Structure formats: C-alpha cells, structure tokens
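What follows is a short report on a single structure.
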Amino acid sequence: MLEELKEQVYQANMELPRYGLITFTWGNVSGIDRESGLFVIKPSGVDYDKLTPEDMVVMNLQGNKVEGSYKPSSDTATHLELYKAFKEIGGIVHTHSSYATSWAQAGRSIPCYGTTHADYIYGEVPCIRCLTKEEIEDAYEENTGHLIVNELKRLNKDPMAVPAVLCKNHGPFVWGKNAMDAVHNAVVLEEVAKMAYRTEIIYPKAAPAPSELQDKHYFRKHGINAYYGQ
C-alpha cells in the first residue's frame, strides 16, 4: 500500500542525519496522499541505519494505523492535526536540530535578519507558547498540533509562506508541499537559526532586515510574479 509514498518518506527521513538535523532517533518525517486520505510516517524509536521503506507506517486521518509492523512516531498526532487543518501541507518534519531548538528553548521567535531567511520564510519564525499542565497531561501530542494550528490562524500566517514554527521548550515543526520539500525547509530553518544566533552574538542590537528587502526576496521566489530560477 502506497509503496511510492513509503519510498519518498523513507528517503526524506534519511536526509535528516545526512544534513545533521538529528541525533540518534530524535526526528521524524511524514508525507500524505491526499487522494486516499492516508499518510506515511517513520516508526517510533527505530535507528535510522536500520530503517527500510517497508518499515514506514501508514495512518489514516482518524489516527488509526492502516498498515505497518511498527508503532508510528510518537509525534503522529501532531502531524495529523496539521494535515487536517491545512490541505496545502504535503509533508511534515519534526527534529531537535540544535540551533532551532535553542531558540525554542529560549522561547524566542527567529527574526528575519537577512535575505537568506527572507528567500524561504516570510517574516519571523514564530515561537509559540508552551503547553499548559492540563494540555500536557491530556493528549500531549494532539494538543501540540492544536496549538500550532490555532497559533498560525491567530497570527494570520499562511502556512506555506511561514512553513515552520518553534514550540517553546521543545523544538521545530516544519512542513512543505511534500516530504522532501519539508526536509528542505527544515535544513533552511536550521541555517537561518544559526545565522540569527551569530548575528546577535556579533551585534546584540541588530535589527530585522527592512520590510521592503524582505518582500523583494520572498516574492521574487514565490507567488505569481516570481522570477527567480529557470
């Protein structure tokens, strides 16, 4: 079932250690087939060097396992809520990549200090609040998904223009049009988190890039008037 998607999600998961986004098994990637309403996600706690495409777990949008020998990722319920809320999302990544997670642990959004950030993410990467004690104790992963969805809507963020959030005291969730695109965005997020950290070390009073410069770089790559690339 969904053999092609399993292969795609497997390959996307294997990119995480390649780009240094994970340590041990601290991460997961999923991808969805909108036509069938099923998504594929990494199994929980399985070493990356032991993973195969056949190990990927197939889930439905009711949160039930449809196929797979392993338990799905412990973050499956968070992925599920994002897929249900935003039809544009085709793939999701969660990591504990060190620079992005450091911003999350500090409870800070990542300002857009330059054009590298602006090329991929429109405005700052928001850091959303920590879950309450009640939210943590009652369906922690599902409530993480609800919180991300609710905060994006409250902030009036287009999820495809701002394809990442930081969960305070936790780490980043990142998404894209498919699993590999989501990984691409996760790599970008880690790089801009690193650059922003260094910017503030070099000059603590640094200000975000001018809005007109941010707009120029974002919209030359995105939207109907984009002209970057071939």
What number results when the radius of gyration of segment 1-100, computed over Cα atoms, is divided by 2.2 N^0.38 Å? 0.98
What is the set of long-range amide H partners of Leu38 at a cut-off below 5 Å, with H atoms built 1.01 Å from backbone N? Asp33
Cα gyration tensor of segment 78-164, axes a ≥ b ≥ c as square roots of the eigenvalues: rounded (a/c below 1.5), prolate (a/b > b/c) or oblate? oblate
Can you give the helix-only mean residue ellipticity at 222 nm for the chain, where every DSSP H stretch with n ≥ 4 adds -39500 (n - 2.57) and the sum goes over all residues, rounded to the nearest 500 deg cm²/dmol? -12500 deg cm²/dmol
Go through segment 50-60 residue by residue and turn each phi into a ³J(HN,Hα) via Karplus (6.51, -1.76, 1.60, θ = phi - 60°); whole Hz please, and just put x for glycine and proline. 10, 5, 9, x, 5, 7, 5, 9, 9, 10, 9
Please list, in order along segment 77-84, the HN-Hα scalar couplings obtained from phi with the Karplus expression 6.51 cos²θ - 1.76 cosθ + 1.60 (θ = phi - 60°), rounded to whole Hz, x for Gly and Pro. 5, 5, 4, 4, 5, 5, 4, 5
Relative contact order (percent) for the chain, with alpha-carbon contacts under 8 angstrom and 6 or more residues of separation? 22 percent
Counting only heavy atoms of protein chains, what accessible area per residue, in Å², does the chain have with a probe of 1.4 Å? 50 Å²
Ignoring ligands and nucleic acids, Ser69 exposes an accessible area, probe 1.4 Å, in Å² to the nearest 10, of 110 Å²
What's the center-to-center distance, using Cα atoms, between segment 171-188 and segment 99-162 in Å? 13 Å
Longest segment of the chain with no trypsin sites (Lys or Arg not before Pro) in a DSSP loop having at most 10 other Cβ atoms within 10 Å? 88-204
How large a share of the accessible area of the chain, in percent, is made up of carbon and sulfur atoms when the probe is 1.4 Å and the other protein chains stay in place? 50 percent
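The values are calculated or read from the model by the stated rules, or taken from the named source; none is laboratory data. As the structure is a prediction and not an experimental result, all values here were calculated from the model. FYI the Cβ positions are ideal-geometry reconstructions off the backbone, even for glycines, and counts take in every protein chain you see. Side chains included, ligands, DNA and RNA excluded: accessible areas come from the protein's heavy atoms. Shrake-Rupley method; radii C 1.70, N 1.55, O 1.52, S 1.80 Å.
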